Amino acid sequence: MADLRELYQETILDHSKKPRNFHEIAEADASAVGHNPLCGDRVTVYVRLRDDTIADIAFVGQGCAISKASASLMTDAVKGKSRVQAHQLFQLFHRMVTGKPGDPVNTAGLGKLAVLSGVSEFPVRVKCASLAWHTLEAALESKKEIVSLE
Amino acid sequence: MSKAEKTLLNVPKIQADFPILHRKIRGKRLVYLDSAATSQKPRQVIDATTDFYMRYNANVHRAIYELGEEATREYEGAREKVAAFIHARSPNQVIFTKSTTEALNLVAYGYGLKGPIQAGDEIVGTVMEHHSNHVPWHFVRDHKGAVLKYVDIDDEGNLRMEQYDELITKRTKIVTVSMCSNVLGTINPIKEIAKRAHEAGAVCVVDAAQAAPHLPIDVQSLGADFLAFSGHKMLGPTGIGVLYGETEALEATEPLLGGGEMIREVHLGRASWNDIPYRFEGGTPNIAGAIGLGVAVDYLTDLKMEAVRAHEMEVTRYALDEIHRIPGVRTYGPEDVKQKAGVLAFTIDGVHPHDIASILDVEGICVRSGHHCAQPLMERYDLPATARASFYVYNDSDDVDVLMAGIRKVQEVFA
Ligand SMILES: Cc1ncc(COP(=O)(O)O)c(C=O)c1O
């Protein structure tokens, strides 16, 4: 049965109250704004790239505990990773949170992000948990376009 | 005292009529506090729609045979019940639509876009409207050059009535307002607003989506020219709504849907229209929905709307008193339950409304979180979202107690 403590684990509460990398990056190479109009959640993700590596990442915005914690955990998780690795991590993460309620959850390869596995028991919160990730993808996409234009 | 007691509802008996209230949510008793979004349905309503399909399903107004006759009789009977419920002079002033939204769009289209509204004519709304009483008027502004103006609210969520003095001018053709706010619960003085509209030669359009389920309505004494509401918020099925219209206003309104049922004669070059209200009901209507709504109206009429209102005032008063005892919780809208329907928007310091709703969900409590389709109102309060509990005939002080325990639980989780 879905347990409250699974959704609101200590780590999640901690990251939502004291989000890591919660600031703008003035000279970001890429950024994007994510918006969930249904709940008013809004997040901006900033990225600095060194070659193909996410050298630095930060975010600002407002939202529920799940969306804030997810954004915070994401910035920690993808810092130092290549674009491809970040994308793969998102796919694993997405698979975890969109699992059918009641099914066993696969947290392999997700490290600390596994604390968000409880989201799969609350399908309406999947959007909250994935907003920052979609925004990161959009930021990295836009960078690609700029690069290809150059 | 004894008089007040006599008007109260027998809540356990009412609860027994609602099958859904007996199911469990995540192992807990279902505490349904989202009737402002949609109400639950009593067995009587569910049975009536089933009965239609099981025993006398046929199209209305067209069949010669007995079955069709029966369906038509029940469908038209529902119209009569609705007319009596809102004290319309005639059932012909009751048009069945699919919802409040469709009813308001019918007015905006038929009286605004295609009707007598000219470029530069003014439409006066308010900042507290639901999106469905904003966007249709945007169409009239964008396609016909009408000018939209809005009455503001004070910090307690009451309309700043004095603003009507300035906003209503010789060019005002429509004054539109909700009878009851779906966020603040504010009950607006429709009679006074309709009077001011009429003095300027304008019509008064009333969004009664949150009023028809909860307050006695007398369209004649209110002076409403158009009044819209939805069946699903008043114990009835989804997909059925009502537009009431003053006869003169309806005669100036063009139909929204062309097709069967709404015509008298059709030739390839022209068509003439059927009488009101059929003119506005193009196509096969939601027959089962209308019949179900008729039974919902019977149910509410048996309870007596005065008693429904008295009960909800009592539950709301209790909820306000209890919620104010919890530090760190803010409420929005009037404090005086004489000015407020059973809608309680609230926020908890340091907790996003989404998280409130999720934690309450685990306790079996259904509340809404978000902007409640009233973004301009949320902007007015500079809030991204609130949580909202709303009460109806099947809720009582036990439900309020469960809600308060749930709110304390939310605070514990986020402590
Ligand atoms: C005040 C108000 N107006 C209009 C509506 C729209 O009703 P419906 O979705 O049934 O068309 C609602 C429903 O939430 C409402 O609360």
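The values are calculated or read from the model by the stated rules, or taken from the named source; none is laboratory data. The structure presented is a predicted model; accordingly, all values stated were derived computationally and were not measured. Here the Cβ positions follow ideal geometry from the backbone for every residue, glycine too, while neighbour counts run over all protein chains shown. Surface accessibility is based on the protein's heavy atoms, side chains included, excluding ligands, DNA and RNA. Shrake-Rupley method; radii C 1.70, N 1.55, O 1.52, S 1.80 Å.
In chain A, Cα pairs under 8 Å separated by at least six residues give a relative contact order of 29 percent. Placing a label point 7 Å from the Cα of residue B:199 along the Cα-to-Cβ direction, the residues of the range B:159-188 with a backbone N closer than 18 Å are B:159-177. Pull out a ≥ b ≥ c, the square roots of the eigenvalues of the alpha-carbon gyration tensor of the protein assembly as shown, then state rounded if a/c is under 1.5, prolate if not and a/b is larger than b/c, and oblate in the remaining case. Prolate is the answer for the protein assembly as shown, as a/c is 1.5 or above and a/b outweighs b/c. To put it simply, the accessible area of chain B at a 1.4 Å probe is 52 percent carbon and sulfur. Per residue of chain A, the DSSP helices (runs of n ≥ 4 H) give a summed -39500 (n - 2.57) that works out to -13500 deg cm²/dmol at 222 nm. Residues whose amide H falls under 5 Å from that of residue B:146, counting only those 5 or more places apart or on a different chain, are B:120, B:141, with hydrogens built in the peptide plane.
Computed about the Cα centre, the dipole magnitude for the range B:294-390 is approximately 200 debye when only Lys and Arg (+1) and Asp and Glu (-1) carry charge, each at its Cβ. Around residue A:126, with a cut-off of 13 angstrom between Cβ atoms, what is the net charge of the other residues, counting Lys and Arg +1 and Asp and Glu -1? Spelling it out: positives minus negatives among the neighbours equals +2. Between residue B:257 and residue B:380, the modelled label-to-label distance comes to 3.2 nm, taking each label 7 Å out from Cα in the direction of the beta carbon.
For a quick check, take a GNM of chain B with Cα springs below 10 Å and name the residue from B:110, B:223, B:27 with the largest mean-square fluctuation. Greatest mean-square fluctuation among the candidates belongs to B:27.
Helix A:83-97 and the longest principal axis of the C-alpha atoms of chain A enclose an angle of approximately 20°. For the range B:46-301, the Cβ-based charge dipole about the Cα centre amounts to some 520 debye (Lys, Arg positive; Asp, Glu negative; other atoms uncharged). Straight Cα distances below 19 angstrom link residue B:233 to the lysines B:41, B:81, B:98, B:304, B:340, with same-chain residues fewer than 8 positions distant left out. Simple rule: put +1 on each Lys or Arg Cβ and -1 on each Asp or Glu Cβ in the range B:21-123, find the dipole, and look at B:100, B:31, B:86; the Cα lying farthest toward the positive end is B:31. Just checking the listed ones, B:394, B:65, B:53: in the Gaussian network model of chain B with Cα springs under 10 Å, the one fluctuating most is B:65. Given their separation in residues at 0.36 nm each and the Cα-Cα distance between them, residue B:322 and residue B:284 gain 8.8 nm when the chain is fully extended.
Note that the range B:159-171 has calculated 3J(HN,Hα) couplings of 4, 7, 4, 5, 5, 4, 4, 8, 6, 7, 10, 5, 8 Hz, one per residue in order, obtained from phi through the Karplus relation 6.51 cos²θ - 1.76 cosθ + 1.60 (θ = phi - 60°); glycine and proline are x. Of all DSSP bridge pairs formed entirely within chain B, close to 60 percent run antiparallel. A simple count of charges around residue B:75, restricted to other residues whose Cβ falls under 13 Å of its Cβ and scoring Lys, Arg +1 and Asp, Glu -1, yields -3. Backbone geometry of the range B:328-342 corresponds, through the Karplus equation with coefficients 6.51, -1.76 and 1.60 at θ = phi - 60°, to 3J(HN,Hα) couplings of x, 10, 10, 10, 10, x, x, 8, 7, 5, 5, 9, 9, 7, x Hz, x marking Gly and Pro. Inter-chain neighbour count for B:403-414: the average number of beta-carbon atoms from partner chains within 10 Å of each residue's beta-carbon is 1.
Using a simple spin-label model with pseudo-atoms 7 Å out from Cα toward Cβ, residue A:91 and residue B:58 lie 6.1 nm apart. Helices in chain B, meaning DSSP H runs of at least 4 residues, each add -39500 (n - 2.57). Divided by all residues, the mean residue ellipticity at 222 nm is -11000 deg cm²/dmol. By DSSP, the beta bridges lying fully in the protein assembly as shown are antiparallel in about 70 percent of cases.
In order along the range B:14-21, phi translates into HN-Hα couplings of 5, 4, 5, 7, 10, x, 5, 6 Hz, rounded to whole numbers, per the Karplus curve 6.51 cos²θ - 1.76 cosθ + 1.60 with θ = phi - 60° and x for Gly and Pro. Around the amide H of residue B:340, modelled in the peptide plane, lie the amide H atoms of B:187, all under 5 Å away and 5 or more residues distant in sequence or on another chain.
Among residues other than residue A:69 with Cβ under 12 Å from its Cβ, the summed charge is +2 (Lys and Arg +1, Asp and Glu -1). With the charge dipole of the protein assembly as shown set up from +1 on Lys and Arg Cβ and -1 on Asp and Glu Cβ about the Cα centre, the Cα lying farthest toward the positive end among the listed residues B:291, B:331, A:134 is that of A:134. Placing +1 on the Cβ of each Lys and Arg and -1 on the Cβ of each Asp and Glu in chain B, which of B:20, B:381, B:8 has its Cα farthest towards the positive end of the resulting dipole? Checked the options; the winner is B:20.
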